[in-house]
1. If Ile16 satisfies all but one of (1) exposed (fewer than 14 other Cβ atoms within 10 Å of the Cβ); (2) at pLDDT 90 or above; (3) within 17 Å of the chain's Cα centre (by Cα), what's the number of the condition it fails?
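The values are calculated or read from the model by the stated rules, or taken from the named source; none is laboratory data. It should be emphasised that the depicted structure is a prediction, and the values quoted were computed from it without experimental measurement. Because the Cβ atoms are built from the backbone with ideal geometry, glycine has one as well, and the counts that use them run over all protein chains shown.
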Amino acid sequence: MTKRKATNLDRINSLIETYAAMDAEAHELIDGFVETVLRPRCPGIPTGVLRQCEIEGRAGRTLNIPEALRILRQAKD
């Protein structure tokens, strides 16, 4: 029995799952860093402000790959 070649839709679905899992794990690590490293240094400053100023402000804005792939998937429907 031969294996079916993955279609573009199969590949998109697989990438969405992979990127979404990686994105969630990255956010978990970032949130942990903010809580354990930054929060003790900056008591009273809201978590979102710490994250925005110290992480997102320095790392720059990036494309949300999972959402972009979802747009591609919807275009195929």
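1. Tallying (1) exposed (fewer than 14 other Cβ atoms within 10 Å of the Cβ); (2) at pLDDT 90 or above; (3) within 17 Å of the chain's Cα centre (by Cα), Ile16 fails exactly one: (1).
Results for (1) among the acidic types (Asp, Glu); (2) closer than 26 Å to Ile71 by Cα; (3) in contact with an Asp or Glu (Cβ under 8 Å, 6 or more places away or on another chain); (4) assigned to a helix (DSSP H, G or I), shown as yes or no for each residue.
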residue: Thr2; (1), (2), (3), (4): no, no, no, no
residue: Ala6; (1), (2), (3), (4): no, yes, no, no
residue: Ile16; (1), (2), (3), (4): no, yes, no, yes
residue: Tyr19; (1), (2), (3), (4): no, yes, no, yes
residue: Glu25; (1), (2), (3), (4): yes, yes, no, yes
residue: Thr36; (1), (2), (3), (4): no, no, no, yes
residue: Pro43; (1), (2), (3), (4): no, no, no, no
residue: Val49; (1), (2), (3), (4): no, no, no, yes
residue: Glu54; (1), (2), (3), (4): yes, no, no, yes
